[in-house]
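Working notes for the structure below.
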Amino acid sequence: MTFSSPASTDTPDPHLTALTARQADHLRDLVGRYHADRGEQATVDGDTVRTPQGTTALYNLAEYVRRADPRDWPRIVERHCTDLASARESASAPAAPDDLLRRAFLRLIPDDALPPEAAASFGYVRPVATGLTEALALDLPDSVRLLDDRDVAAAGPEALRAAGRTNLLNEPAEYETLPMRGGGLLHVLSGASLFVASKALVLDEVAHAVTGRPLPDAGALFTVPSRSFLVFHPLADHHVQDAVNDLAAFGLGAHRDNPGPLSPRLYWWHRGAITNLTRIDEATRSISVEPPAELMDVLRSLVSAAPSAGPA
């Protein structure tokens, strides 16, 4: 099944796809002027800002301004850049190992979130699936920053990952269900926390906690379109056919319309492993869902079976 991207009246920017090319150029100009007005050297190109203090992505800023009146863009840019500078300053001081363990979270980030020049400082991160990488983040009072290799070495990778997992499970999120057109339910976790989507890393425990039932042996389908959403459907009955379509549509829309975009893709959680099900064709700007053979066998079996007593 294929989902075509909506047509636009203006050409999307190849780097900041939330904006048109004209809007993105204007945003880059505003960011460049912000730094120039403060006597700071900055190179603003594509989707990044490079300063002597480091490299910053423009994705989140693009999402913020996309929803705003263009007259407010200079104010938004100034506030955003000022907040980033403050967060960078507070993060420059090394944290004590006990503080690292208390504030560490496992976090999902886009697999292209780390620029190549920074990759050497984050050797501990691990790929999860196409579009997703697992990292560790430090939840500070005024900001969140990714831990680098020095931080991880200070507290120990195993201890940090265990603490990050526990903190992630304990992080509050709102829970609701959405009925699908053909019956069955989508399970939705959302909230202001920056770690809601990251709960996909512990989906089996999260699903049991919110639904009162363990995931079935076949696992679950899920999408994490932005940092504030985790939407899943257990593979329990014939409603999976609707779930594939509804989750794919939800992922596309929420990834486009929310700050902190993570991935528009559809994923399969099975026995602790996460598999990408989405193929994105950049040439035709289309997205298709292509389950592996093992999952196709599961889907066929569930669709052909008699309906269960209740929605999954």
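The values are calculated or read from the model by the stated rules, or taken from the named source; none is laboratory data. These figures come from a predicted structure and were not determined experimentally. When we count neighbours, we look across all protein chains shown, and the Cβ atoms used for this are built from the backbone with ideal geometry, even at glycine.
Could you count how many residues in the stretch 19-48 are of a type in the set (Ser, Thr, Tyr) and closer than 13 Å to residue 81 by Cβ? Selection size over the stretch 19-48: 1. Please indicate, with yes or no, whether at least one residue in the stretch 214-224 is over 21 Å from residue 301 (Cα atoms), among the hydrophobic types (A, V, I, L, M, F, W, C) and in contact with a helix residue (DSSP H, G or I) (Cβ under 7 Å, 6 or more places away or on another chain). Checked the stretch 214-224: at least one residue is over 21 Å from residue 301 (Cα atoms), among the hydrophobic types (A, V, I, L, M, F, W, C) and in contact with a helix residue (DSSP H, G or I) (Cβ under 7 Å, 6 or more places away or on another chain).
Of the residues in the stretch 229-242, at least one is in a helix (DSSP H, G or I), over 16 Å from the mean Cα position of the chain (by Cα), more than 17 Å from residue 176 (Cα to Cα) and of a type in the set (A, V, I, L, M). Considered as a group, the residues in the stretch 249-300 that are in a strand (DSSP E or B) and among the hydroxyl-bearing types (Ser, Thr, Tyr) include one that is farthest from residue 63 (Cα to Cα), and that residue is 275.
Yes/no per residue for (1) out of contact with any Phe, Trp or Tyr (no Cβ under 8 Å at 6 or more places or on another chain); (2) in a strand (DSSP E or B); (3) surrounded by fewer than 14 Cβ atoms within 10 Å (Cβ to Cβ):
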{"position": "113", "(1), (2), (3)": "yes, no, no"}
{"position": "117", "(1), (2), (3)": "yes, no, yes"}
{"position": "120", "(1), (2), (3)": "yes, no, yes"}
{"position": "128", "(1), (2), (3)": "yes, yes, no"}
{"position": "137", "(1), (2), (3)": "no, yes, no"}
{"position": "150", "(1), (2), (3)": "yes, no, yes"}
{"position": "154", "(1), (2), (3)": "yes, no, no"}
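For residue 78, state whether it is touching a residue at least 24 places away in the same chain (Cβ under 8 Å) and within 21 Å of residue 263 (Cα to Cα). So residue 78 does not fit the description; no.
Here's the yes/no breakdown for (1) touching a residue at least 12 places away in the same chain (Cβ under 8 Å); (2) out of contact with any Lys or Arg (no Cβ under 8 Å at 6 or more places or on another chain):
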site: 101; (1), (2): yes, yes
site: 106; (1), (2): yes, no
site: 110; (1), (2): yes, yes
site: 119; (1), (2): no, yes
site: 133; (1), (2): yes, no
site: 138; (1), (2): yes, no
site: 141; (1), (2): no, yes
site: 148; (1), (2): yes, yes
site: 151; (1), (2): yes, yes
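Taken residue by residue, the stretch 205-212 has at least one member that is in the same structural domain as residue 267 (by TED's automatic domain parsing) and more than 27 Å from residue 260 (Cβ to Cβ).
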